[in-house]
Amino acid sequence: METIIRDCLDGKQGAWNMLVDLYSKKVFNMAYQFAGSVPEAEDLTQDIFLKLHGALPKYDFGKSFTAWFLTLAKNTLIDEYRRTKWEKRQRDEFDERLHAAADGDDPERALAREEARKLLWAGLDALPPDMRLAVILKEIQGKKYEDVAEILGLPVGTVKSRINRGRLQLAKILRDRPGIPEGGHP
């Protein structure tokens, strides 16, 4: 692998093609799990390899290339998550479910629900990106731990730990925010 990487750094096209061939399926699968559609996964896969091309000179040969590259891929997907409207779409779906549940409520209760929703999303936005993504996938989208692990490319134990830490950190953020009385409801 070291020879292929050094050849890539020297600008040898055959080495780059070999590197892409070795990792394209794994990266595409990660991207597909993230995006849920083939065209989006193809675009994300291309973006990841473009990012690799720019980051390759920074690679430390003393570390596992696969682990380094898959971390770069995962971070690219998290960055894409932040840049796109994916989160907004999730919020809109969450809002629709919340409003559907609130049908028939009086205006005061509807306003309280809207405030609670805003506080929840503000709290989620305050979490670190990797933790926030895990919590959203599990708690808002209702995915199983195994599915979250596959999407993020992490072991299930790591995902459970992130989600647990995310819940605790979210609870602390929400508890410390002004506008939330001791009972926990605005």
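The values are calculated or read from the model by the stated rules, or taken from the named source; none is laboratory data. Just so it is clear, the structure is predicted and the values come from calculations on it, not from any experiment. A quick note on method: Cβ atoms are made from the backbone with ideal geometry, for glycine too, and the neighbour counts reach across all protein chains shown.
Before moving on, here are some points about what is shown:
- ASP21 outside the structural domain of LEU154 (by TED's automatic domain parsing), surrounded by fewer than 13 Cβ atoms within 10 Å (Cβ to Cβ), assigned to a helix (DSSP H, G or I) and at pLDDT 90 or above: yes
- Being at pLDDT 85 or above and over 30 Å from LEU44 (Cα atoms) is a condition met by at least one residue of region 159-168.
- PHE49 vs. criteria within 22 Å of the chain's Cα centre (by Cα), surrounded by 13 or more Cβ atoms within 10 Å (Cβ to Cβ) and modelled with pLDDT of 85 or more: yes
- Hey, ALA41 under 29 Å from LEU19 (Cα atoms), at pLDDT 75 or above and within 15 Å of the chain's Cα centre (by Cα) or not: yes
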